[in-house]
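Just below is one structure, and these are the notes that go with it.
We did not get these values from a lab; they are worked out from the coordinates using the rules stated. Values in this document were obtained by computation on a predicted structure and should not be read as measured data. Quick reminder, even Gly has a Cβ in these numbers, built from the backbone with ideal geometry, and neighbours come from all protein chains shown.
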Amino acid sequence: MKDNHPACANRLCPSSGIAQLAAVLFLFCLPSASVVAQLPFDDEPINYSTATSHDPIAQLQDAIDSDKFELRFDAQKGYLPAVLEALEISPSTQMLVFSKTSFQARRINPKHPRALYFRDDVYVGWVQQGDVVEVASVDPKLGPIFYTLDQQRVDHPRFVRDKGQCMTCHASSRTKGVPGLLVRSVFPDRGGYPILGSGTFNIDHTSPLKHRWGGWYVTGNHGDQRHMGNEVVVDKSQPELLDTPLGSNVTDLSSRLDVTPYLTPHSDIVALMVLEHQSQMQNLITRAAFEARSAMWYDAIMNKALDRPAEHLSDSTGRRIDSAVEKLVKSLLFCDEAELTAPIQGTSKFTEEFARRGPFDAQGRSLREFDLQTRLFKYPCSYLIYSDSFAALPEVIKTAVFQRLWNLLTRQDRDPSYDHLTGHDRAAILGILRDTVPDLPAYWSVTSG
């Protein structure tokens, strides 16, 4: 479904942190009407802006400050190669986005796209001759924390944490009302400016390919399926007339731009698809954590005031937790995933490298194993169930998620929302989770019927 909003292509966030995620995950500012569902995450008990973060970048900064790690400076790419090496982010994750939706917009166009790199909990953005490297790094309890790293050589480089000036962009209903991540698709003009009056698409694994990747480069084969990538709008009066056939099944970008300044010549289609799932999955994990912590904190105050047992949970808290859990489980199990109608094949080593990471069960199966024929993964359960963010969820959320998963995977609950899971899918996911997820409830060890 299209998001139709007033044009704001030149109203980019000026802050040096949150705004920079625009260069990490194709974000841009939109009117504040989208913040209706926003949680008060700067208040107790979350204290997002003031709480000490323990995300991967915070840990890396500690190592730099204590002289345990040195970031080497590269004459052409600044600190980018060293940051990726330090965070163990493979160059094969590279994706290129040419829309002018970053605060460094003046340096970005179809000939000079931004490069994006990621792992499960860190996202890095780089622009040719850019002022900063831009990073979003996920804290297990606070969610994404946004940083910039100045591209000037110094003895002790410092990642600067954002102060929250642009939360109207990055904490809205589009990010589930919490500090979050977005992948968006627009109709880009020849200069890379998004024609926002024509609508945009917020992308995740439920989005049809025909709505994906406007303003992005995409390398890979996808048969007769079409997407919005690799092309620009020629006639602004008819932006929907992108030449999608010309932008399809592109495996070499060298005719469109000079790829030599980048770490690889790819903007891999499979990496893009993984990123799209991962970004919204992370938002739902953050939302579930914030909902439970906020509701239970309020209950604790009321329990004390009303002389109720300290562990008492109100009906409203129960409803908030149930709602957050259901949304989380639906994303975990890829409900409403857009069906692929032709095989997908990337151009880089991303597919192989990602699948090798495991973990693997006793039969050698992994949630990172791809299908790429009719859906993204062979076993449709998100690998983010292994993330530090999931592990750090309040116990009341994890307990409910595991119970819901058990009921669905053993068919004790036959909710039609999950009919996309075959009997084979359910049995395989159950087996993989049993072997690879630590501290499952005891009832998971019982043989299902």
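Among 97, 348, 180, whose Cα projects farthest towards the positive end of the dipole of the chain, with charges put on the beta-carbon of Lys, Arg (+1) and Asp, Glu (-1)?
Of the listed residues, the answer is 97.
Would you please give the residues with an amide H less than 5 Å from that of residue 164, counting only those at least 5 places away or on a separate chain, with H modeled from the backbone geometry?
Placed amide hydrogens put 18 under 5 Å from residue 164.
What is the distance in Å between the Cα centres of segment 380-449 and segment 230-248?
42 Å
Collect residues whose amide H, placed 1.01 Å from N in the peptide plane, falls under 5 Å from the amide H of residue 145; neighbours closer than 5 in sequence don't count.
When sequence neighbours closer than 5 places are left aside, the close amide H contacts are 137, 138, 139.
If we count every other residue with Cβ under 12 angstrom of residue 244's Cβ, Lys/Arg +1 and Asp/Glu -1, where does the sum land?
Combined, the nearby Lys, Arg, Asp and Glu give -1.
How much net charge surrounds residue 270 when only the other residues with a Cβ under 12 Å from the Cβ of residue 270 are counted, with Lys and Arg +1 and Asp and Glu -1?
With Lys, Arg at +1 and Asp, Glu at -1, the neighbours total -3.
For residue 267, list long-range residues whose amide hydrogen, built 1.01 Å from N in the peptide plane, is under 5 Å from its own amide hydrogen.
219
From the backbone phi of segment 94-110, what are the Karplus-calculated ³J(HN,Hα) couplings (6.51 cos²θ - 1.76 cosθ + 1.60, θ = phi - 60°) in whole Hz, Gly and Pro given as x?
4, 9, 10, 10, 10, 6, 7, 10, 10, 5, 9, 4, 5, 9, 10, 6, x
Which order do 321, 285, 301 fall in if you start with the one that has the fewest other Cβ atoms within 10 Å?
Lowest count first: 301, 321, 285.
Karplus couplings for segment 222-237 from phi (6.51 cos²θ - 1.76 cosθ + 1.60, θ = phi - 60°), rounded to Hz, Gly and Pro as x?
Computed from phi, the couplings for segment 222-237 are 8, x, 8, 6, 10, 9, 9, x, 6, 10, 10, 6, 8, 10, 5, 6 Hz.
State the Cα centre-to-centre distance between segment 260-284 and segment 103-164 in whole Å.
Taking the Cα centre of segment 103-164 as reference, the centre of segment 260-284 is 15 Å away.
Let me have the 222 nm mean residue ellipticity of the chain computed from DSSP H runs of 4+ only, each contributing -39500 (n - 2.57), with the sum over all residues rounded to the nearest 500.
-8500 deg cm²/dmol
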